[in-house]
Amino acid sequence: MTDLTGKVALITGAARGQGAAEARLFAARGASVVITDVLTEQGGKLAESLGSAAIFVPHDVSSAAGWATAVDAALDAFGRLDVLVNNAAIYTAKALTDTTADELEKILRVNLVGAFHGIQAVVGPMAQAGGGSIVNISSQAGLEGLMGHAAYGASKWGLRGLTKTAALELGPAAIRVNSVHPGPILTPMIGHLGLHSGPGSFPTLPLQRVGLPEEVAAAVAFLASDAAAYITGAELTVDGGLAAGKFLPPDMQ
């Protein structure tokens, strides 16, 4: 069990899916949580369910002004800020030649520029608190090329690179920056794929199943905690072995 007692975490895109699982786990492990999202009804209900350990802030991550509001709300409610989880993202799967520049820019504004604004917004409060942890949620699509993921992949590769530079520059302030790279995870974002959980749900993976949001949340909580105090600039895959290489199910070997 990773202890987060006394820490204050701001988690974007936390109204549902992986972000909601992260918020619940952080609160269960002792953290105070600032839940932010554009989904105000779902985000508000989640914060209410967590009681005094959480607040909800409506938040468009692509807006620098929105970041200032979210960080101020965290400081007003809890007095400090120790953890940022850049979880908010939008997703499309579309061929490169069918993707418009506007579609590319829309994804970049949320998935990459949003995280850029977030990192800039939390550096001051984290430095004042003596340090902190930033966890950027990238993707398998930020580790290798995926057909039909030109825009999404570009945003997640960019976030991976931003993580490295931020780790270098913010290390002297005791601010750690790492990225998490989920594979197929059972969330509303990929609900259109018709995936389900359980053994055999993804037979072309070494673990042969789809991952759960709670499994990503556990990895994020570890990187946010003092148990990861000497880890920065790292990439943690939570992908059932997808990034390990090509896998043939036993019946195809």
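The values are calculated or read from the model by the stated rules, or taken from the named source; none is laboratory data. In this text, all values refer to a predicted model and were calculated from it rather than measured experimentally. Cβ coordinates were reconstructed from backbone atoms using ideal geometry, including for glycine residues, and neighbour counts include every protein chain displayed. Quick note on the areas: whole protein, heavy atoms, side chains included, nothing else; ligands and nucleic acids left out. Shrake-Rupley method; radii C 1.70, N 1.55, O 1.52, S 1.80 Å.
Determine which single condition M1 fails, assuming it passes every other condition in (1) over 12 Å from the mean Cα position of the chain (by Cα); (2) farther than 22 Å from L112 by Cβ; (3) modelled with pLDDT of 95 or more.
The number of the failed condition is (3).
Somewhere in region 197-213, is a residue in a loop (DSSP other than H, G, I, E, B), without any contact (Cβ under 8 Å) to a residue 12 or more places away in the chain and either within 17 Å of I11 (Cα to Cα) or open to solvent by 30 Å² or more (accessible area, probe 1.4 Å) (or both)?
yes
Restricting to region 219-244, what's the tally of residues that are over 17 Å from L159 (Cα atoms), of a type in the set (S, T, Y) and either touching a helix residue (DSSP H, G or I) at 6+ places or on another chain (Cβ under 9 Å) or open to solvent by less than 40 Å² (accessible area, probe 1.4 Å) (or both)?
1
Within region 25-41, does at least one residue satisfy the condition of being over 25 Å from F222 (Cα atoms) and either part of a helix (DSSP H, G or I) or open to solvent by less than 10 Å² (accessible area, probe 1.4 Å) (or both)?
yes
Matching residues to (1) touching a residue at least 40 places away in the same chain (Cβ under 8 Å); (2) part of a helix (DSSP H, G or I); (3) β-branched (V, I, T):
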residue	(1), (2), (3)
A70	yes, yes, no
L75	yes, yes, no
T92	yes, no, yes
V113	yes, yes, yes
F116	yes, yes, no
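So which of G44, G79 is farther than 23 Å from A127 by Cβ, surrounded by fewer than 24 Cβ atoms within 10 Å (Cβ to Cβ), more than 16 Å from the chain's Cα centre (by Cα) and in contact (Cβ under 8 Å) with a residue 12 or more places away in the chain?
Selected residue: G44, the only one of G44, G79 that is farther than 23 Å from A127 by Cβ, surrounded by fewer than 24 Cβ atoms within 10 Å (Cβ to Cβ), more than 16 Å from the chain's Cα centre (by Cα) and in contact (Cβ under 8 Å) with a residue 12 or more places away in the chain.
T187 - would you say it is open to solvent by 10 Å² or more (accessible area, probe 1.4 Å) and among the polar types (S, T, N, Q)?
The answer is yes for T187.
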